[in-house]
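The structure appears right after this line, and notes come after that.
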Amino acid sequence: MRLEAIASPTLVRSLGLPALALVATFVVGGLLAMLAGADPLATFGLIVKGAAGSRFALLETLNRATPLIFTGLAVAVAFRARLWNIGAEAQLYAGALITVLIGTRLALPGPVLIPLMGLGALLAGGVVLLGPVLLKTRLGVDEVVTTLLFNFIMLLLISLLLEGPMKDPLGMGWPKSEAIPRDARLPRIVDGLRLHWGFGLALLSAVAIWVIQTRTTLGYEIRAVGLNAEAARFAGVPVGAVMVKTALLSGGLAALAGYSEVAGLKGNLTLDLSPGFGYTGIVVAMLALLHPLGVVVSALFVAGIFVGADGMSRAAEVPTYIADILLACALLFMVLAILLTKFRVLRG
Amino acid sequence: MSEIVDILISASFWAAVLRIASPLIFATMGELICERAGVLNLGIEGIMVIGAFSGWIAVYSGLPLWGGVAVAMLAGMGFGALHAVLTVPFGLSQHVVGIGITLLATSSAYYAYRLSLPQVTSPPRIEPFQPVQIPGLSDLPFVGPALFSQTPLTYFAFLTVLVVALVLYRTPLGLALRAVGENPGAVEAQGLSVTALRMGAVIFGSGLMAVGGAFLTISAFSSFFFEMVNGRGWICIALVVFGAWSPSRALLGALLFAAFDALQIRLQQTGFGTLVPYQVFLMIPYVLSILALILMSRRANVPAALMVPYNRGER
């Protein structure tokens, strides 16, 4: 077989195929539920109910979506420039680490700490990604492997700190840090509802990235580098500098996920702060076709599946890992569907 | 320093080096085959997980140990086939598909584990491969216990390197495979199918990765744990680069790497271990991998068509 570009795809093709990808994903999910001896439709019903069936469930989904918007944006920004940042997990923890350090070590009033912690996190995440990116631009070391390996190194570093110098003396032996003061927490958006301003910051970030990508020189340069780095260089785009700026932006966004989880939700740093938000960010970004506003929608969808599957597995005998399988399938089906909107498969 | 010397002259240290290297050798050879044919296989981490799980569950449900190896290989080839279809004929991004395969294979293994053993709190054990003594060789002083008291899969790992090297450099198939990673157009002009060669390489390579994963559950340990692969797949990708895409040099890299790993485990139990937090020792493999990548960056002979999809009839 070979592929032939379609000059102008029909609307049915460009919308129908991605929709079909989602349908295929849920067919796989249904089969998995049957494998577990559950009724597929009832299982999906329980997932929807668990994700959006009550005010509590809905708020839980929004809370879970918050870090995913940040990591999804981090991946989307990087992938747009063909910077393969698979290290959002490490950058997230770097952000959480700086947030806790500033929040617990600097005796400043809350209103000063809140922005200071955010800026610190933003910077820390950027710096963490800068290493692999400089290795890429200066020495040609592939950033996929280095960013992946950094995830493991960062988790061990956090573990070292939580069992050593940063250990909470009142933590009953658990490896966790001291909590940041009450007045340095991100406030709730609406009083009484468990949804903090981290969600608001995530939405603002999505809009900001959209503006940067569509209305600024940097956004134009990032796209040029991503489409064809050689041609961009020839046209006078400083490719190395654009890569560095992209890294700072991408790493910083991922770190804000850590900031928002600590300052908005948890208060302290533990080794299970992120159940793989960094890796899930890749799925979120790809489902959104790397569009910053799309990231918000896909983060809500992905968070819904996770929160829903948690609720579902309490009621039915289907393991929660069904959520991870669904997302992996969604990712693979979606990239294939997107390809087929632009190319026709010919035989021979 | 004398502690390090003591460790290096003990036979059990060298036996551990070969044991630690074995899963890495299988998976590194698998990745090397994929990359020589022009396909970066980031599914490696997940394929090792599915290999570890499927090989173990097959033995747990009554198959002989070699049956477990075969099941792991088949499971790896299955996910490899999915990777191959998406990246070769469809030419999708090898980064995205690879990450997707890793997520899919890992979560499938975890889902199947929970499904088949819903009630267990501690993972059940199987009877794993036992060391095999080789007549004559195993009786040699020092060398015997150090090198020739291994489980069959370890000997098999070294055999795999030999076979991969022979096939790559001494057979027409190997020539075609190497060519398809350098200049697929030229291979096509010879009347060979680029698609078939690349897909075959990815599928077979993925099978080897899964055997590497299965080594963990049915040779090194006797149970399946979540997160037991723990980044070994990513380390193997670094080893392929370190070995400059040559089987013998990649083998050397895996052994060197395993030696450092075996050393750090033993150092943790010496006076060193009380001075330095254990996390520092655990970081060493990942830091070494990054250093290896930096060291080789200047003189890497990357296959020219690595990560370049081939679409027939397109210039």
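Could you list, in sequence order, the residues of the range A:286-334 that are under 25 Å from A:ILE209 (Cα atoms) and touching a Gly at 6+ places or on another chain (Cβ under 6 Å)?
Of all residues in the range A:286-334, those under 25 Å from A:ILE209 (Cα atoms) come to A:286-304, A:327, A:330-331, A:334.
Scanning the range A:286-334 gives A:ALA288, A:VAL295, A:ALA299, A:LEU331.
Mind checking which residues of the range B:271-296 are open to solvent by less than 80 Å² (accessible area, probe 1.4 Å) and touching a residue at least 24 places away in the same chain (Cβ under 8 Å)? Can you show your working first?
Residues of the range B:271-296 that are open to solvent by less than 80 Å² (accessible area, probe 1.4 Å), as a first pass: B:271, B:273, B:276-277, B:279-290, B:292-294, B:296.
Scanning the range B:271-296 gives B:GLY271, B:ILE284, B:PRO285, B:TYR286, B:LEU288, B:SER289, B:ILE290, B:ALA292, B:LEU293, B:MET296.
Run down B:ALA157, B:ALA105, B:ALA109, B:ALA84 and say which single residue is modelled with pLDDT of 95 or more and over 30 Å from B:ALA262 (Cβ atoms). Give the derivation first.
Details: B:ALA157 fails: over 30 Å from B:ALA262 (Cβ atoms); B:ALA105 fails: over 30 Å from B:ALA262 (Cβ atoms); B:ALA109 fails: over 30 Å from B:ALA262 (Cβ atoms).
Going through B:ALA157, B:ALA105, B:ALA109, B:ALA84 in turn, just one is modelled with pLDDT of 95 or more and over 30 Å from B:ALA262 (Cβ atoms): B:ALA84.
Give just the number: which of (1) surrounded by fewer than 24 Cβ atoms within 10 Å (Cβ to Cβ); (2) more than 11 Å from chain B (Cβ to nearest Cβ); (3) over 26 Å from B:PRO89 (Cα atoms) does A:ALA247 not satisfy?
(1)
Please specify each residue of the range B:132-141 satisfying the condition of being closer than 19 Å to B:ILE20 by Cα and open to solvent by 70 Å² or more (accessible area, probe 1.4 Å).
Of the residues in the range B:132-141, the ones closer than 19 Å to B:ILE20 by Cα are B:132-133.
Hit for the range B:132-141 is B:GLN133, nothing else.
Would you pick out the residues in the range A:329-348 that are aliphatic (A, V, I, L, M) and either outside any helix (DSSP H, G or I) or surrounded by fewer than 24 Cβ atoms within 10 Å (Cβ to Cβ) (or both)?
Across the range A:329-348, the qualifying residues are A:VAL335, A:LEU336, A:ALA337, A:ILE338, A:LEU339, A:LEU340, A:VAL345, A:LEU346.
Which one of A:GLY200, A:GLY251, A:GLY219, A:GLY258 is more than 16 Å from the chain's Cα centre (by Cα) and of a type in the set (Gly, Ala, Ser)? I'd like the intermediate steps shown before the answer.
Values: A:GLY200 fails: more than 16 Å from the chain's Cα centre (by Cα); A:GLY251 fails: more than 16 Å from the chain's Cα centre (by Cα); A:GLY258 fails: more than 16 Å from the chain's Cα centre (by Cα).
The match here is A:GLY219.
With the condition kept exactly as written, say whether any residue in the range A:308-327 is buried (at least 18 other Cβ atoms within 10 Å of the Cβ), away from chain B (no Cβ under 11 Å) and under 30 Å from A:ILE98 (Cα atoms).
no
Of the residues A:PRO18, A:PRO40, which is in contact (Cβ under 8 Å) with a residue 12 or more places away in the chain and surrounded by 12 or more Cβ atoms within 10 Å (Cβ to Cβ)?
Details: A:PRO40 fails: in contact (Cβ under 8 Å) with a residue 12 or more places away in the chain.
After ruling out the rest, the residue left standing is A:PRO18.
Filter the helices (runs of 4 or more DSSP H) completely within the range B:168-231 down to those with at least 3 residues that are small (Gly, Ala, Ser) and under 30 Å from A:ALA90 (Cβ atoms).
Once the helices (runs of 4 or more DSSP H) in the range B:168-231 are filtered for at least 3 residues that are small (Gly, Ala, Ser) and under 30 Å from A:ALA90 (Cβ atoms), what remains is B:194-215.
Which numbered condition in (1) part of a loop (DSSP other than H, G, I, E, B); (2) within 14 Å of another protein chain (Cβ to nearest Cβ); (3) within 26 Å of B:ILE25 (Cβ to Cβ) is the only one that B:GLN130 fails?
Unmet for B:GLN130, out of (1) part of a loop (DSSP other than H, G, I, E, B); (2) within 14 Å of another protein chain (Cβ to nearest Cβ); (3) within 26 Å of B:ILE25 (Cβ to Cβ): (2).
Given the residues A:LEU62, A:LEU41, A:LEU58, A:LEU31, which is the only one that is more than 14 Å from every other protein chain (Cβ to nearest Cβ) and at pLDDT 95 or above? Give the derivation first.
Numbers: A:LEU41 fails: at pLDDT 95 or above; A:LEU58 fails: at pLDDT 95 or above; A:LEU31 fails: more than 14 Å from every other protein chain (Cβ to nearest Cβ).
Within the list A:LEU62, A:LEU41, A:LEU58, A:LEU31, the selection yields A:LEU62.
Taking only the range A:271-306 into account, find how many residues are outside any helix (DSSP H, G or I) and crowded, with 19+ Cβ neighbours inside 10 Å. Break it down into steps so the answer makes sense when it comes.
Initially, the range A:271-306 is screened for residues outside any helix (DSSP H, G or I), giving A:271-276, A:288-291.
Imposing the further condition that a residue be crowded, with 19+ Cβ neighbours inside 10 Å reduces the set to A:273-274, A:288, A:290.
Here the count works out to 4.
Just to check your reading of the model, which residue among A:PHE152, A:PHE199 is open to solvent by 10 Å² or more (accessible area, probe 1.4 Å) and within 14 Å of chain B (Cβ to nearest Cβ)?
Values: A:PHE199 fails: within 14 Å of chain B (Cβ to nearest Cβ).
Of the residues listed, the single one that is open to solvent by 10 Å² or more (accessible area, probe 1.4 Å) and within 14 Å of chain B (Cβ to nearest Cβ) is A:PHE152.
Within the range A:171-181, can one find any residue that is aromatic (Phe, Trp, Tyr) and part of a loop (DSSP other than H, G, I, E, B)? So that I can check it myself, show each step before the final result.
Going residue by residue through the range A:171-181, those that are aromatic (Phe, Trp, Tyr) are A:174.
Filter once more, so that each one left must be part of a loop (DSSP other than H, G, I, E, B): A:174.
Within the range A:171-181, one or more residues are aromatic (Phe, Trp, Tyr) and part of a loop (DSSP other than H, G, I, E, B).
When the range A:182-201 is examined, which residues are found to be free of Cβ contacts under 8 Å to residues at least 40 places away in the same chain and either among the small types (Gly, Ala, Ser) or not in a loop (DSSP other than H, G, I, E, B) (or both)?
Filtering the range A:182-201 down to residues free of Cβ contacts under 8 Å to residues at least 40 places away in the same chain leaves A:187-192, A:200.
Answer for the range A:182-201, where residues must be free of Cβ contacts under 8 Å to residues at least 40 places away in the same chain and either among the small types (Gly, Ala, Ser) or not in a loop (DSSP other than H, G, I, E, B) (or both): A:ARG188, A:GLY192, A:GLY200.
Somewhere in the range A:185-192, is a residue at positive phi and either within 23 Å of the chain's Cα centre (by Cα) or surrounded by fewer than 18 Cβ atoms within 10 Å (Cβ to Cβ) (or both)? Step through it out loud before you land on a result.
Looking only at the range A:185-192, we keep the residues that are at positive phi, and these are A:192.
Cutting the leftovers down to either within 23 Å of the chain's Cα centre (by Cα) or surrounded by fewer than 18 Cβ atoms within 10 Å (Cβ to Cβ) (or both) gives us A:192.
Among the residues of the range A:185-192, at least one is at positive phi and either within 23 Å of the chain's Cα centre (by Cα) or surrounded by fewer than 18 Cβ atoms within 10 Å (Cβ to Cβ) (or both), which makes the answer yes.
Give the residues of the range B:51-82 that are surrounded by fewer than 24 Cβ atoms within 10 Å (Cβ to Cβ) and within 17 Å of the chain's Cα centre (by Cα), sorted by residue number.
B:ALA70, B:VAL71, B:MET73, B:LEU74, B:MET77, B:GLY78
Checking the structure you have, find out if any residue of the range A:64-78 is charged (D, E, K, R), buried (at least 16 other Cβ atoms within 10 Å of the Cβ) and outside any helix (DSSP H, G or I). Talk me through it step by step, then tell me what you get.
So the first thing to find is which residues in the range A:64-78 are charged (D, E, K, R), and the list is A:64.
Filter again for buried (at least 16 other Cβ atoms within 10 Å of the Cβ), leaving A:64.
Filter once more, so that each one left must be outside any helix (DSSP H, G or I): none.
No, the range A:64-78 contains no residue that is charged (D, E, K, R), buried (at least 16 other Cβ atoms within 10 Å of the Cβ) and outside any helix (DSSP H, G or I).
Would you say A:LEU287 is facing another protein chain (nearest Cβ under 9 Å), touching a residue at least 12 places away in the same chain (Cβ under 8 Å) and closer than 18 Å to A:LEU17 by Cα? Even if it seems obvious, please write down each step before you answer.
Working: facing another protein chain (nearest Cβ under 9 Å): no; touching a residue at least 12 places away in the same chain (Cβ under 8 Å): yes; closer than 18 Å to A:LEU17 by Cα: yes.
Answer is no for this residue.
To keep it simple, each residue is scored yes or no on (1) more than 24 Å from A:ILE322 (Cα to Cα); (2) under 26 Å from the mean Cα position of the chain (by Cα); (3) in a helix (DSSP H, G or I); (4) within 13 Å of chain B (Cβ to nearest Cβ).
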{"residue": "A:LEU3", "(1), (2), (3), (4)": "yes, no, no, yes"}
{"residue": "A:SER14", "(1), (2), (3), (4)": "yes, yes, yes, no"}
{"residue": "A:LEU22", "(1), (2), (3), (4)": "no, yes, yes, no"}
{"residue": "A:PHE26", "(1), (2), (3), (4)": "no, yes, yes, no"}
{"residue": "A:VAL48", "(1), (2), (3), (4)": "no, yes, yes, no"}
{"residue": "A:ALA51", "(1), (2), (3), (4)": "no, yes, yes, no"}
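Of B:ARG232, B:ARG312, which residue is within 14 Å of chain A (Cβ to nearest Cβ), under 16 Å from the mean Cα position of the chain (by Cα), under 30 Å from B:PHE90 (Cβ atoms) and open to solvent by 30 Å² or more (accessible area, probe 1.4 Å)? Step through it out loud before you land on a result.
Values: B:ARG312 fails: under 16 Å from the mean Cα position of the chain (by Cα).
So the residue among B:ARG232, B:ARG312 that is within 14 Å of chain A (Cβ to nearest Cβ), under 16 Å from the mean Cα position of the chain (by Cα), under 30 Å from B:PHE90 (Cβ atoms) and open to solvent by 30 Å² or more (accessible area, probe 1.4 Å) is B:ARG232.
Looking only at the range B:253-270, which residues are free of Cβ contacts under 8 Å to residues at least 40 places away in the same chain and part of a helix (DSSP H, G or I)? Step through it out loud before you land on a result.
Keep residues of the range B:253-270 that are free of Cβ contacts under 8 Å to residues at least 40 places away in the same chain, which gives B:256, B:260, B:264, B:268-269.
Across the range B:253-270, the qualifying residues are B:LEU256, B:PHE260, B:GLN264.
Quick one: would you say B:SER107 is within 14 Å of another protein chain (Cβ to nearest Cβ) and surrounded by fewer than 19 Cβ atoms within 10 Å (Cβ to Cβ)? Before you say what the answer is, go through the steps one by one.
On the way: within 14 Å of another protein chain (Cβ to nearest Cβ): yes; surrounded by fewer than 19 Cβ atoms within 10 Å (Cβ to Cβ): no.
No: the conditions fail for B:SER107.
Of the residues in the range B:110-127, how many are more than 14 Å from every other protein chain (Cβ to nearest Cβ) and either open to solvent by 70 Å² or more (accessible area, probe 1.4 Å) or closer than 21 Å to A:ASP324 by Cβ (or both)?
Here is the first cut: in the range B:110-127, the ones more than 14 Å from every other protein chain (Cβ to nearest Cβ) are B:121-127.
Now drop any that are not either open to solvent by 70 Å² or more (accessible area, probe 1.4 Å) or closer than 21 Å to A:ASP324 by Cβ (or both), which leaves B:121-123, B:125, B:127.
Adding up the residues that qualify gives 5.
Are any residues in the range A:155-173 among the aliphatic types (A, V, I, L, M) and open to solvent by 50 Å² or more (accessible area, probe 1.4 Å), and if so, which ones? Give the steps one after another, and end with the answer.
Restricting attention to the range A:155-173, the residues satisfying the condition of being among the aliphatic types (A, V, I, L, M) are A:155-158, A:160-162, A:166, A:170, A:172.
Once the filter is applied, which keeps residues that are among the aliphatic types (A, V, I, L, M) and open to solvent by 50 Å² or more (accessible area, probe 1.4 Å), the range A:155-173 yields A:LEU155, A:LEU157, A:LEU170, A:MET172.
Do you know which residues across the range A:131-145 are more than 9 Å from chain B (Cβ to nearest Cβ), of a type in the set (A, V, I, L, M, F, W, C) and open to solvent by 40 Å² or more (accessible area, probe 1.4 Å)?
Across the range A:131-145, the qualifying residue is only A:LEU134.
With respect to the numbered conditions (1) open to solvent by 20 Å² or more (accessible area, probe 1.4 Å); (2) of a type outside the set (Val, Ile, Thr); (3) under 30 Å from B:ASN311 (Cβ atoms); (4) touching a residue at least 12 places away in the same chain (Cβ under 8 Å), which one is the sole condition not fulfilled by B:ALA165?
Of (1) open to solvent by 20 Å² or more (accessible area, probe 1.4 Å); (2) of a type outside the set (Val, Ile, Thr); (3) under 30 Å from B:ASN311 (Cβ atoms); (4) touching a residue at least 12 places away in the same chain (Cβ under 8 Å), only one is false for B:ALA165: (3).
The values are calculated or read from the model by the stated rules, or taken from the named source; none is laboratory data. What you see is a predicted model; the values in this text were computed from it and never measured. Using ideal geometry, Cβ is built from the backbone for each residue, glycine included, and neighbour counts are taken over all protein chains shown. Accessible surface is based on the protein model in full, side chains and every heavy atom, while ligands, DNA and RNA are left aside. Shrake-Rupley method; radii C 1.70, N 1.55, O 1.52, S 1.80 Å.
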